[in-house]
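In what follows, a structure is listed as structure tokens, so that the remarks can point back to it.
Every number here is computed from the coordinates shown, using simple stated rules; none is lab data. Just so it is clear, the structure is predicted and the values come from calculations on it, not from any experiment. Using ideal geometry, Cβ is built from the backbone for each residue, glycine included, and neighbour counts are taken over all protein chains shown.
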Amino acid sequence: MTFPGHTPKAAAGSDRDTSPWRSPAGAALTWIALVAIAVAGRAWQPTWHGEPLWHATPLAGVALAAGFVFPNAVVAASVPLVALAIGNLALPGYGSLAIAAVVYAATAWPVLLGTAGILGRSRPRWMAVIGGSLATSLVFFLSTNLAHWAFRSDYPHTASGLAACFAAALPFHRWMPVGDVAWTLAVFGLLAAVQAVADATAGRRLHPQPVSTRTLD
């Protein structure tokens, strides 16, 4: 697996970026790990009478993290898109190619917040990360329900029909922002922990402990 355009996003004033995902092998492992987290987290959805309880998945957090980790937008977008495609293999279809396109676009666009540096460069900007998560949740809710109203016949194609569509979707959105923020903080927390370990390891390599040459009596 190759990662075109994978160049370091070093922090200002930093001479060396120790992020483990900057190497080709580290980038590949990070890509696989993010996809696995998204697929597993999406599959783990407690249900009640056949319906998910809170409609919260790691997809938003993983998309934001992919944009933060991978400078190339195409590589970053491939993470949530592949995860969504894998998860969809076990789920019913969207019933419309247009709706499917909107869902995939709404899932992938958050990577742009990361590749643009809004979420931080070598270290996360935590308030931006939380704001990005909430924005992702809102855009997904608005765009997918607008597509449902526009491309299906469940609601009249009138202002009142659009309002009824959004009103019917509100219960499903109730816990989504909370879940998105929780998953996003968990994923970025994991990245921060990995970064801390990498920094500590690099520090030991750059500043090895002196070895005593004193002879024992």
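Our coupling estimate for region 70-79, obtained by passing each phi through the Karplus curve with A = 6.51, B = -1.76, C = 1.60 and θ = phi - 60°, is 9, x, 7, 5, 5, 4, 4, 5, 5, 5 Hz, Gly and Pro reported as x. At an R0 of 35 angstrom, the distance between the Cβ atoms of Ala182 and Ala100 translates into a FRET efficiency of 0.85. Taking the inverse of the mean 1/r over every pair of distinct Cα atoms in region 53-186 gives a Kirkwood hydrodynamic radius of 15.4 Å.
Under 5 Å from the amide H of Gly120 lie the amide H atoms of Arg125, each residue being 5 or more positions distant or on a separate chain, with H modelled from the backbone and absent for Pro and chain starts. Peptides 85-96, 113-124, ordered by how many other C-beta atoms sit within 10 Å of their residues on average, highest first, read 113-124, 85-96. When only alpha carbons of region 19-125 are considered, Rg and Dmax amount to 14.5, 46 Å.
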